[in-house]
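Below is one structure, written out as structure tokens; the observations come after it.
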Ligand code: NI
């Protein structure tokens, strides 16, 4: 079930069957000369929708598609939030869903830079209950899609060298599988991009001139992306099933 394609009576009925929802969360940021700006939000959305296609009891919420991308701002098309804005927005999304009775909110993340601020947002939500001496009505889970069981092992097999940390062949392959008519090509020099620390946007562009970090995304193919999506979607289904049944308050 896809929330954006549902009506409110359908969601009201869904809440009588399950109190769990998965929210794809990512970023809109440069992904090198061949990666789509939407990559980090598209990957978790693609995986969540593939899991839903196999099990329509899974409810997939709207994608939170702008995140922590200040370091990519020297590349056109990047859109970022400040940490404080991001934390406040995640909190408002969570509380909106909790107000309707959702008790298990699973954030499937596609951008490593979001992790610290997502965890801070979760603490904000929990603190509101803790400071009043009340049990929280909602349980929150953060999972990076590449950390779903079996995914990193497959990625290691598919891309033993040049996977890197940004504009990776795995994330590019996932988008190529879902959107084969949007595949881009470009000359990548050097073939495997440099690595180094991440600071502000000007420093980033000086260190990583084409936007990639440590990666060779030319290794991506739609077929490899399909294999990654299949493993990730199956693992997500299993995790969501356990999470929806997990014990807790409410
Ligand atoms: Ni990415």
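Among the residues of the range 204-214, are any in a loop (DSSP other than H, G, I, E, B) and free of Cβ contacts under 8 Å to residues at least 24 places away in the same chain? So far as the range 204-214 goes, yes, one or more of its residues are in a loop (DSSP other than H, G, I, E, B) and free of Cβ contacts under 8 Å to residues at least 24 places away in the same chain. Of the residues in the range 183-202, at least one is under 17 Å from residue 27 (Cα atoms), in a helix (DSSP H, G or I) and at pLDDT 95 or above. Being touching a helix residue (DSSP H, G or I) at 6+ places or on another chain (Cβ under 8 Å) and within 26 Å of residue 202 (Cα to Cα) is a condition met by at least one residue of the range 14-25. Scanning the range 75-84 for residues that are touching a residue at least 40 places away in the same chain (Cβ under 8 Å) and surrounded by 18 or more Cβ atoms within 10 Å (Cβ to Cβ) gives 75, 78, 80. Inspect the range 121-128 for any residue being closer than 24 Å to residue 73 by Cα, free of Cβ contacts under 8 Å to residues at least 40 places away in the same chain, more than 16 Å from the ligand (Cβ to nearest atom) and not in a strand (DSSP E or B) and give the result as yes or no. Within the range 121-128, one or more residues are closer than 24 Å to residue 73 by Cα, free of Cβ contacts under 8 Å to residues at least 40 places away in the same chain, more than 16 Å from the ligand (Cβ to nearest atom) and not in a strand (DSSP E or B). Within the range 30-67, being more than 21 Å from residue 5 (Cα to Cα), free of Cβ contacts under 8 Å to residues at least 60 places away in the same chain and buried (at least 24 other Cβ atoms within 10 Å of the Cβ) holds for one residue alone: 67.
Go over the candidates 226, 162 one by one and state the one that is part of a loop (DSSP other than H, G, I, E, B), free of Cβ contacts under 8 Å to residues at least 60 places away in the same chain and more than 30 Å from residue 103 (Cα to Cα).
On the way: 226 fails: part of a loop (DSSP other than H, G, I, E, B).
Testing whether each residue is part of a loop (DSSP other than H, G, I, E, B), free of Cβ contacts under 8 Å to residues at least 60 places away in the same chain and more than 30 Å from residue 103 (Cα to Cα) leaves just 162.
Report whether or not residue 110 is in contact with a helix residue (DSSP H, G or I) (Cβ under 7 Å, 6 or more places away or on another chain), at pLDDT 95 or above and away from the ligand (no atom under 13 Å from the Cβ). No. Take residue 76 and decide whether it is assigned to a loop (DSSP other than H, G, I, E, B), in contact with a helix residue (DSSP H, G or I) (Cβ under 8 Å, 6 or more places away or on another chain) and more than 10 Å from the ligand (Cβ to nearest atom). Taking the combined requirement at face value, the residue does not satisfy it.
Restricting to the range 15-40, count the residues that are over 10 Å from residue 211 (Cβ atoms), within 10 Å of the ligand (Cβ to nearest atom) and in a strand (DSSP E or B). Of the residues in the range 15-40, 0 are over 10 Å from residue 211 (Cβ atoms), within 10 Å of the ligand (Cβ to nearest atom) and in a strand (DSSP E or B).
All of (1) away from the ligand (no atom under 16 Å from the Cβ); (2) modelled with pLDDT of 95 or more hold for residue 166 with one exception: (1).
If you check 105, 87 for being out of contact with any strand residue (DSSP E or B) (no Cβ under 7 Å at 6 or more places or on another chain), in contact (Cβ under 8 Å) with a residue 12 or more places away in the chain and not in a loop (DSSP other than H, G, I, E, B), only one passes: 87.
The values are calculated or read from the model by the stated rules, or taken from the named source; none is laboratory data. What you see is a predicted model, and the numbers here were worked out from it, not measured in a lab. Glycine also receives a Cβ, built like all others from the backbone with ideal geometry; neighbour counts cover every protein chain displayed.
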